[in-house]
Amino acid sequence: KKLTNRKLSMRLALYALAGLAFAASANAAPEDFTTGPIIEDFGPVASVLGADPVAPETLFMVAFDVADSAEEGKANRRFETAARFLNMHGAAGVPASNMQLAIVVHGPASADLTNSESNASAPLIV
């Protein structure tokens with residue numbers, strides 16, 4: 001059975017709406033996000049119902065490239081991303097010892113490596 005252009009357009013529009021409805025139901029509200037268990041106060045994550053489990057013996061070796069500096073008064077977003085990665089997998093049962101991260105910092109982001117009181121990223125620098 002051949003679809004006309006109008007029927008095909010209608011079907012595609014319905015699929016798109018169904019996809020948007022599904023995606024909207026998967027979004028977490030701000031109160032669903034918590035920090036930890038590995039990095040407290042940074043890298044908030046939300047639980048994902050029905051997510052496939054990660055085997056605890058999984059070994060992660062990940063590099064993060066950080067070139068952009070943080071917004072005024074905020075921690076560097078890429079540092080937050082690395083903290084979120086650790087917290088997300090830690091909450092899924094992967095031990096911190098199985099996660100090896102390299103955070104490569106260059107350019108304007110190097111200012112976020114200072115240990116000054118005005119640097120919101122300072123607590124993330126080890």
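The values are calculated or read from the model by the stated rules, or taken from the named source; none is laboratory data. Since this is a predicted model, take the numbers as computed values, not measurements. As a convention, Cβ positions derive from the backbone with ideal geometry for all residues, glycine included, and neighbour counts pool all protein chains shown. Surface areas here come from the heavy atoms of the whole protein model, side chains and all, with no ligands, DNA or RNA. Shrake-Rupley method; radii C 1.70, N 1.55, O 1.52, S 1.80 Å.
Across the stretch 88-126, what is the total count of residues that are assigned to a loop (DSSP other than H, G, I, E, B) and among the β-branched types (Val, Ile, Thr)? Spell out the reasoning first.
Going residue by residue through the stretch 88-126, those that are assigned to a loop (DSSP other than H, G, I, E, B) are 92-95, 106, 114-121, 125-126.
Adding the requirement that they be among the β-branched types (Val, Ile, Thr) leaves 94, 114, 125-126.
The qualifying residues number 4.
Name the pairs: first residue in the stretch 93-116 and open to solvent by 60 Å² or more (accessible area, probe 1.4 Å), second residue at pLDDT 95 or above and acidic (Asp, Glu), Cβ to Cβ under 9 Å, at least 6 apart or on different chains?
Between residues of the stretch 93-116 that are open to solvent by 60 Å² or more (accessible area, probe 1.4 Å) and residues that are at pLDDT 95 or above and acidic (Asp, Glu), the close pairs are Ile103/Asp65; Val104/Asp65; His106/Asp65; Pro108/Asp68.
Of everything in the stretch 117-126, what is among the small types (Gly, Ala, Ser) and open to solvent by 50 Å² or more (accessible area, probe 1.4 Å)? Give them in sequence order. Reasoning before the result, please.
So in the stretch 117-126, the residues among the small types (Gly, Ala, Ser) come out as 118, 120-122.
Once the filter is applied, which keeps residues that are among the small types (Gly, Ala, Ser) and open to solvent by 50 Å² or more (accessible area, probe 1.4 Å), the stretch 117-126 yields only Ser118.
Here is a check on your reading of the model: is Ala16 open to solvent by less than 100 Å² (accessible area, probe 1.4 Å), more than 17 Å from the chain's Cα centre (by Cα), at pLDDT below 85 and among the aliphatic types (A, V, I, L, M)? Even if it seems obvious, please write down each step before you answer.
Details: open to solvent by less than 100 Å² (accessible area, probe 1.4 Å): yes; more than 17 Å from the chain's Cα centre (by Cα): yes; at pLDDT below 85: yes; among the aliphatic types (A, V, I, L, M): yes.
So Ala16 passes the test.
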